[in-house]
């Protein structure tokens with residue numbers, strides 16, 4: 001199966017009473033931009049298990065992007081978090097935007113319990129963390145809420161089709177922290193540069209392993 005030479009980046013709409021979701025802004029700023037000739041398409045998902053996951057699966061199956069990166073807002077995070085795995089389990093501590101509270105549902109029926117991110121993790125660490133000193137850290141604690149559901153869907157798709165796919169948790173940016181009196185925050189530009197570095201590293205890796213060809217642009 002031939003993958004499409006494109007990148008899909010997803011974020012979420014308003015979350016749990018927060019009047020601003022930084023993932024929405026990142027997706028909007030990335031949408032339509034190009035990395036080495038590869039177009040980025042942005043998609044904002046509702047914070048709804050029963051709507052977001054079917055929407056995402058439909059787009060993935062229709063467009064077959066070579067690279068997929070999901071973004072989710074983590075109010076307690078102090079850095080951009082590179083999630084290394086996701087679980088085939090939806091177990092919500094709070095209801096989603098539709099008032100739905102999953103309690104132990106499978107995200108994909110009879111699929112693996114845990115899937116790993118299909119990202120060039122070592123290259124991301126070397127380029128984005130060690131070389132550029134961006135506020136990025138790897139983690140295996142994605143949780144069991146909507147971020148995990150999207151992360152599992154992305155990682156499962158990537159494993160099934162040989163694509164590159166993973167998930168980042170985004171910390172509060174300075175603007176939202178000031179509005180909500182959150183103590184820990186990172187300037188939006190640093191968060192955006194971290195996401196962009198991950199994407200650029202993924203594009204270079206995709207070219208190296210032959211799943212897409214790039215051109216400088």
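The values are calculated or read from the model by the stated rules, or taken from the named source; none is laboratory data. Values in this document were obtained by computation on a predicted structure and should not be read as measured data. Quick reminder, even Gly has a Cβ in these numbers, built from the backbone with ideal geometry, and neighbours come from all protein chains shown.
Okay, here's what the table says:
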item: Out of 106, 110, sole residue that is surrounded by fewer than 20 Cβ atoms within 10 Å (Cβ to Cβ) and at pLDDT 95 or above; result: 106
item: Condition broken by residue 110, with the remaining ones in (1) on the phi < 0 side of the Ramachandran plot; (2) out of contact with any strand residue (DSSP E or B) (no Cβ under 6 Å at 6 or more places or on another chain); (3) part of a loop (DSSP other than H, G, I, E, B) satisfied; result: (1)
item: Residue under evaluation residue 138, criteria (1) touching a helix residue (DSSP H, G or I) at 6+ places or on another chain (Cβ under 8 Å); (2) more than 19 Å from residue 34 (Cα to Cα); (3) not in a strand (DSSP E or B), criterion not met; result: (3)
item: Lone unmet requirement of (1) farther than 21 Å from residue 40 by Cβ; (2) modelled with pLDDT under 95; (3) buried (at least 17 other Cβ atoms within 10 Å of the Cβ) for residue 142; result: (2)
item: Selection from the stretch 29-50 of residues that are in contact (Cβ under 8 Å) with a residue 40 or more places away in the chain, under 30 Å from residue 99 (Cβ atoms) and either assigned to a strand (DSSP E or B) or touching a strand residue (DSSP E or B) at 6+ places or on another chain (Cβ under 8 Å) (or both); result: 45, 46, 47, 49
item: So residue 117, is it under 15 Å from the mean Cα position of the chain (by Cα), buried (at least 20 other Cβ atoms within 10 Å of the Cβ) and within 26 Å of residue 4 (Cα to Cα); result: yes
item: Any hit, the stretch 163-180, residues being more than 14 Å from residue 22 (Cα to Cα) and surrounded by fewer than 16 Cβ atoms within 10 Å (Cβ to Cβ); result: no
item: Criterion violated by residue 55 - all others in (1) surrounded by fewer than 19 Cβ atoms within 10 Å (Cβ to Cβ); (2) in contact (Cβ under 8 Å) with a residue 40 or more places away in the chain satisfied; result: (2)
item: Options 115, 81; residue that is in contact (Cβ under 8 Å) with a residue 60 or more places away in the chain and part of a strand (DSSP E or B); result: 81
item: Some residue of the stretch 15-27 being without any contact (Cβ under 8 Å) to a residue 12 or more places away in the chain and either within 15 Å of residue 150 (Cβ to Cβ) or surrounded by fewer than 22 Cβ atoms within 10 Å (Cβ to Cβ) (or both); result: yes
item: Selected residue (criterion: surrounded by the fewest Cβ atoms within 10 Å (Cβ to Cβ)) from residues of the stretch 62-71 that are more than 11 Å from residue 154 (Cβ to Cβ) and in contact (Cβ under 8 Å) with a residue 60 or more places away in the chain; result: 64
item: Unmet criterion (only one of (1) in contact with a strand residue (DSSP E or B) (Cβ under 9 Å, 6 or more places away or on another chain); (2) closer than 21 Å to residue 73 by Cα) for residue 95; result: (1)
item: Residue 129 touching a strand residue (DSSP E or B) at 6+ places or on another chain (Cβ under 6 Å), more than 24 Å from residue 92 (Cα to Cα), assigned to a helix (DSSP H, G or I) and free of Cβ contacts under 8 Å to residues at least 40 places away in the same chain; result: yes
